[in-house]
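Each reported figure results from applying straightforward, stated rules to the coordinates on display, with no laboratory input. Predicted model only: the values in this text are computed from it and were never measured. Cβ coordinates were reconstructed from backbone atoms using ideal geometry, including for glycine residues, and neighbour counts include every protein chain displayed.
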Amino acid sequence: MAAIQRSEPLVKQVYRYLYHAILSGEFHPNDKVVETHIAEKLHVSRSPVREAIRLLIQRELLVEDVDGVRVFQPTYRDFAELYEMRLALEPTAAARAAEKVDPRSIAVLHENVVNTEQALVAEDWDAIVVLNKEFHEQIWQMSGNRRIIRAMQEITDLIQFYWRAVLFVPNLDIQIVSDHQEIVQCIERGDSAGAHSAMKHHVAKDLRVISARFKDADDTFLDTLASDKKA
């Protein structure tokens, strides 16, 4: 954990710490987040911790109930609904990106694919999650559709949360590099229909992988994946 820097707003630093702790798995689903404990650990007052927690509740990474604040406990239904939303929006974003090809943005995507391939070789899963987020966000921005961008930004934290969990699936061949390369190639040559199809196939693959792991839609998402990982 990086030391708290007094030159930067404390709320931002506490938020970043909690955000990373949740997405990295340091805090587990359903773990209780106690304001006083976090304040003591980071050597700050309770006020910035309280505000950071409030922001994370808004982002749906923390939830508040009668027993206090806990880390979001995902279920298969949550995952399926999120991916249905992705399937409705991201292929369209890719198609729109192909209609307005920007060489600088294409260069960013190519660099991202190269970095992702290197991270896979190094088995740097934290880097892979971040690079995957940046790849998709770049395409949202390239679409130029403000409503798609806004809608996807609202769920991007949960996408990361779930996609990290997808990496837990045993013997998973995610093929992220080849998938991303195909999407970039379609966008670069202005193939709107191809970009739409490639993105739809890419997003649907995660949904199929997870769906295959569940017989009961009420099963707790990460509990099953965690037991797979231990096995």
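Given axes a ≥ b ≥ c from the Cα gyration tensor, I'd like to know whether the range 10-71 is rounded (a/c under 1.5), prolate (a/b larger than b/c) or oblate. Rounded is the answer for the range 10-71, as its axis ratio a/c remains below 1.5. Going from the fewest other Cβ atoms within 10 Å to the most, the residues 180, 43, 196, 28 appear in the order 43, 28, 196, 180. The magnitude of the dipole of the range 1-97, with charges of +1 and -1 set on the Cβ of Lys/Arg and Asp/Glu and taken from the Cα centre, is near 360 debye. Ordered by the count of other Cβ atoms within 10 Å of each Cβ, fewest first, 140, 125, 163 give 125, 163, 140. Only Cα pairs under 8 Å and 6+ residues apart enter the sum, and on that basis the relative contact order of the range 10-71 stands at 44 percent. When the Cα positions of 13, 30, 49 are compared along the charge dipole of the range 10-71, 13 comes out farthest toward the positive end, with charges on each C-beta of Lys, Arg, Asp and Glu.
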